[in-house]
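A quick write-up on the structure given underneath.
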Amino acid sequence: MAEIYIDELLAHIPQRYPVLMIDRVKECEPGKRVVALKNVSANEPYFQGHFPGRPIMPGVLILEAMAQAAGVLVFSGRDTKREKDSVYYYVGIDNARFKKPVVPGDQLELEVRLERALRGIGKFACVARVAGEVVAEATILCTVRSPGRP
């Protein structure tokens, strides 16, 4: 259950700033579970327009953070590093619920568990928390596409 810091994290997922939604991985049980952190800063580019005077992290970016944590989980469970051009795509999002706004200064903790993997598609149970309180949850389906595959 080793921590993964930003330099190693970048080897596991293809996203880069400004779309990188994970700052650190606190816990990782390859192929089973990951707990990742996103420090929500007032400097994030989306806060300028979402919403002026009342900045709230868009729910779609919380879902993106969940998918990136799932990507770390999948790629950390492999014997080899992620292929340079491999990307991790959403296949579906089920039962997404947003319970409380996430605002600048919050630390978003993302817990992602692999429920099953079948025919190249992973199904993940995801929970996002701030200070131990659930702010969002969803079941997501994702798949890896290697270079040359659309």
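The values are calculated or read from the model by the stated rules, or taken from the named source; none is laboratory data. Please read all numbers here as calculations on a predicted model, not as lab measurements. Because the Cβ atoms are built from the backbone with ideal geometry, glycine has one as well, and the counts that use them run over all protein chains shown.
Among the residues of the stretch 13-36, which ones are in contact with a Leu (Cβ under 7 Å, 6 or more places away or on another chain) and closer than 15 Å to Leu61 by Cβ?
Result: Met21, Ile22, Asp23, Ala36.
I need the full set of residues from the stretch 13-62 which are more than 19 Å from Gly105 (Cα to Cα), touching a strand residue (DSSP E or B) at 6+ places or on another chain (Cβ under 8 Å) and not β-branched (Val, Ile, Thr), in order please.
Passing the criteria: Pro14, Glu27, Cys28, Gly31, Lys32, Arg33.
Yes or no: the stretch 108-125 includes at least one residue that is surrounded by 13 or more Cβ atoms within 10 Å (Cβ to Cβ), of a type in the set (Val, Ile, Thr), in contact with a Gly (Cβ under 9 Å, 6 or more places away or on another chain) and in a strand (DSSP E or B).
Yes, the stretch 108-125 contains a residue that is surrounded by 13 or more Cβ atoms within 10 Å (Cβ to Cβ), of a type in the set (Val, Ile, Thr), in contact with a Gly (Cβ under 9 Å, 6 or more places away or on another chain) and in a strand (DSSP E or B).
Quick one: in the stretch 3-15, which of the residues that are of a type in the set (D, E, K, R) and out of contact with any Cys (no Cβ under 9 Å at 6 or more places or on another chain) is surrounded by the fewest Cβ atoms within 10 Å (Cβ to Cβ)? If you could, list the steps in order and put the result at the bottom.
Going residue by residue through the stretch 3-15, those that are of a type in the set (D, E, K, R) are 3, 7-8.
Applying the additional criterion that residues be out of contact with any Cys (no Cβ under 9 Å at 6 or more places or on another chain) yields 7-8.
Details: Asp7: 7, Glu8: 14.
Once the filter is applied, the top-ranked residue is Asp7.
Quick check on this structure: which one of Pro55, Pro18 is surrounded by 15 or more Cβ atoms within 10 Å (Cβ to Cβ), of a type outside the set (S, T, N, Q) and over 18 Å from Arg113 (Cβ atoms)? It would help to see each step written out before you state the result.
Working: Pro18 fails: surrounded by 15 or more Cβ atoms within 10 Å (Cβ to Cβ).
The match here is Pro55.
Only one of (1) at pLDDT below 90; (2) surrounded by fewer than 12 Cβ atoms within 10 Å (Cβ to Cβ) fails for Val74. Which number is that?
Single failed check for Val74: (2).
Say whether the condition of being hydrophobic (A, V, I, L, M, F, W, C) and modelled with pLDDT under 90 is met by at least one residue in the stretch 86-99. So that I can check it myself, show each step before the final result.
Narrowing the stretch 86-99 to residues hydrophobic (A, V, I, L, M, F, W, C): 87, 91, 93, 96, 98.
After this cut, where a residue has to be modelled with pLDDT under 90 as well, the list is 87.
Within the stretch 86-99, one or more residues are hydrophobic (A, V, I, L, M, F, W, C) and modelled with pLDDT under 90.
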